[in-house]
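Comments concern the structure below.
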Amino acid sequence: MAHIQIINGPNLNLLGKRQPEIYGAETLADVEANCAALAQELGLEVSFFQSNHEGAIIECIHAARENAQGIVINPAAYTHTSVAILDALNAFDGAVIEVHISNVHKRESFRHHSYVSGRADAVIAGLGTEGYQAALRRMVTLTAG
Ligand code: DHK
């Protein structure tokens with residue numbers, strides 16, 4: 001069974017409370033519960049990690065080198081700033097899907113560039129929290145065989 005590590009970056013612990021007009025009303029716990037239920041249906045094993053700290057996210061990616069075949073990552077604001085997260089993902093051999101809840105391309109220009117997209121196998125933006133589920137569905141194909 002493929003193991004998928006789901007990683008959420010800074011401020012996503014406030015999902016549901018933070019700018020719900022942009023990020024929606026679901027909490028991170030709701031997202032995790034929905035992903036866990038879908039993973040069971042899809043025959044995937046999923047683990048969840050959220051941190052407001054860049055180094056902790058990098059260490060989670062390093063750990064995934066040993067125990068995961070795929071990473072679904074919403075690096076949040078670090079998307080637009082972090083060469084270090086890109087380097088960590090470049091050291092991971094499995095599949096990577098980048099998720100953004102909002103359509104970053106419809107927002108401020110500083111959100112239009114992602115360091116992570118150059119490494120990601122797929123980029124999902126603007127599907128709301130359903131983006132995580134779409135990523136898991138795609139992971140079935142990317143981690144098969
Ligand atoms: C989440 C954030 O926190 C922002 O910093 C990104 C992303 C967009 C999202 O849409 O999930 O710019």
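We did not get these values from a lab; they are worked out from the coordinates using the rules stated. Everything quoted here is computed from the prediction, not taken from an experiment. All Cβ positions, glycine included, derive from the backbone under ideal geometry; neighbour counts span all protein chains shown.
Descriptive notes on the structure:
- Of the DSSP H helices in the chain, those whose Cα atoms cover at least 15 Å axially and whose Kyte score averages 0.0 or more: 28-42
- Taking 55, 70, 131 in turn, the Gaussian network model of the chain (Cα-Cα springs below 10 Å) assigns the largest fluctuation to 55.
- Distance between segment 86-118 and segment 12-35 - C-alpha centres, whole angstrom: 19
- Basic side chains Lys and Arg get +1 at the Cβ, acidic Asp and Glu get -1 at the Cβ, and with that the dipole of the chain about its Cα centre reaches some 340 debye.
- Range of Cα positions in segment 3-142 per principal axis (Å), largest first: 35, 32, 24
- Within a Gaussian network of the chain (alpha carbon springs, distance under 10 Å), most fluctuating of 32, 41, 59: 41
- Residues of segment 115-145 with amide N under 17 Å of the 7 Å Cα→Cβ point at residue 1: 136-137, 139-141, 143-145
- Global geometry of segment 87-139, whether rounded, prolate or oblate, following the gyration tensor of its Cα atoms and the 1.5 cut on a/c: oblate
- Residue 110-residue 59 pseudo-label distance in nm [points 7 Å out on the Cα-to-Cβ vector]: 2.8
- Furthest towards positive pole of dipole, 53, 102, 85, structure part the chain, Cβ charges: 102
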